[in-house]
Amino acid sequence: MIHVRINGKLLEAKKGETVLQLAQRNGYHIPNLCYHPSLKADGACRMCLVEVKGANAKPNSLTTACTLTVKEGMEVLLDTPEVSKHRNTILEMLMALVPDSPVLTKMAEEYGLKEIRLAQGDEVCIKCGLCVRICDEVVGAKALAMEGRGTETTFNPPFNEPPERCVACTSCAFICPVQCIPVKKTNDSITIWGREFDRLKCTRCGRALDLTEEHMALMMTRSSHLKPEDLNVCDVCSRKEVLGTMKSLVDGQITLERVGK
Ligand code: SF4
Ligand code: SF4
Ligand code: FES
């Protein structure tokens with residue numbers, strides 16, 4: 001076990017965990033916009049700044065908690081005047097870039113940021129990169145890319161232009177911390193990044209699935225165990241099938257060998 005103090009309290013940290021993970025595990029809140037537990041930390045938004053002492057840290061060293069791995073003897077302070085000043089500067093820059101975000105407005109209220117002194121833009125995206133990372137690391141479509149850092153970051157293809165490799169899984173829209181990727185669903189289609197995809201239908205009951213032909217094809221290339229029939233049945237029909245199989249087992253109409261267990 002590694003011993004780390006957060007705001008003076010001695011905590012036991014796990015090897016390899018980050019200060020953000022340790023803090024969250026122990027009930028401390030550190031604001032963050034570009035962190036997600038299922039993705040590699042990137043340190044893009046810098047909202048999770050903390051002050052670090054001990055464990056060879058420079059005096060008054062500010063660093064991002066999501067990328068900082070715990071070390072024996074480390075002391076972390078979450079709410080010093082320095083942390084607050086730098087965090088509010090970052091928040092102010094984000095709010096100048098994206099003035100109409102309810103998520104940022106709520107954060108500004110929470111952290112006492114009263115005034116935006118910078119020229120205001122009219123963007124909707126804070127360029128945190130979460131959408132790019134989930135599409136790459138989890139979905140595997142690699143449909144989105146970003147170039148540059150900070151406010152100079154640009155999307156490739158440009159924001160709202162249909163990415164060629166997109167399969168309409170909608171994970172990027174789901175993970176976006178400021179909810180700025182519009183998704184439109186009808187019974188027959190999913191529209192995302194300005195491109196409309198057909199929804200597949202359950203092969204048993206005809207209900208619309210949250211799945212497109214393109215997404216199914218991608219999943220099949222990523223797992224040799226998956227078959228189309230594992231994917232193109234809705235939850236209701238799948239549950240009915242499981243219940244039917246259980247009943248038949250209980251009634252003795254079929255055996256475990258027949259259901260392939
Ligand atoms: S909807 Fe398209 S761009 Fe978004 S994560 Fe899925 S494949 Fe990638
Ligand atoms: S679209 Fe959303 S997730 Fe993607 S970079 Fe912009 S704010 Fe982040
Ligand atoms: S959450 Fe740590 S830099 Fe964004």
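For LYS142, the lysines whose Cα comes closer than 24 Å to its Cα, not counting residues fewer than 8 places off in the same chain, are LYS40, LYS127, LYS184, LYS185, LYS227. Placing a pseudo-label 7 Å from each Cα along the Cα-to-Cβ vector at GLU12 and LYS85 gives an inter-label distance of 3.8 nm. Quick one: net charge of LEU97's neighbours, Cβ under 12 Å, K/R +1, D/E -1? Counting the neighbours of LEU97, the net charge comes to -4. Just so you know, the averaged projected area of the alpha carbon convex hull for the range 130-242 sits at 7.8 nm².
Dividing the summed helix terms, -39500 (n - 2.57) for each DSSP H run of n ≥ 4, by the number of residues in the chain produces a 222 nm estimate of -8000 deg cm²/dmol to the nearest 500. By its C-alpha gyration tensor, with a ≥ b ≥ c as the square roots of the eigenvalues, how is the chain shaped: rounded for a/c under 1.5, else prolate for a/b larger than b/c, else oblate? Because a/c hits 1.5 or more and a/b fails to exceed b/c, the chain counts as oblate.
Counting other Cβ atoms within 10 Å, which GluC sites (Glu not before Pro) in the range 99-186 have at most 10 and lie in a DSSP loop? Before the final figure, lay out the partial values.
Details: sites: GLU109, GLU110, GLU115, GLU123, GLU137, GLU147, GLU152, GLU164; in loops: GLU115, GLU123, GLU164.
Filter output for the range 99-186: GLU115, GLU164.
A simple spin-label model places the labels of GLU229 and LYS58 6.3 nm from each other, with each point 7 Å out along Cα-to-Cβ. Neighbour counts of other Cβ atoms within 10 Å put TYR35, TYR28, TYR111 in the fewest-to-most order TYR111, TYR28, TYR35.
Which aspartates and glutamates, if any, have their Cα less than 12 Å from the Cα of LYS15, not counting same-chain residues under 8 positions apart? Partners found: GLU72. Under the rule a/c < 1.5 gives rounded, and otherwise a/b versus b/c splits prolate from oblate, where does the range 193-256 land using the Cα gyration tensor? Oblate is the answer for the range 193-256, as a/c is 1.5 or above yet b/c matches or exceeds a/b. Here the calculated FRET efficiency for VAL236 and GLU137, from their Cβ-Cβ distance with R0 = 30 Å, stands at 0.45, rounded to the nearest 0.05.
Placing a pseudo-label 7 Å from each Cα along the Cα-to-Cβ vector at THR105 and HIS3 gives an inter-label distance of 4.8 nm. Between LEU118 and ARG195, full extension at 0.36 nm per residue minus the direct alpha carbon distance yields a gain of 24.3 nm.
Each value in this text was obtained by applying a stated rule to the coordinates, not by laboratory testing. All of these numbers come straight from a predicted model, not from anything done at the bench. Ideal geometry is used to build each Cβ from the backbone, glycine not excepted, and the neighbour counts take in all protein chains shown.
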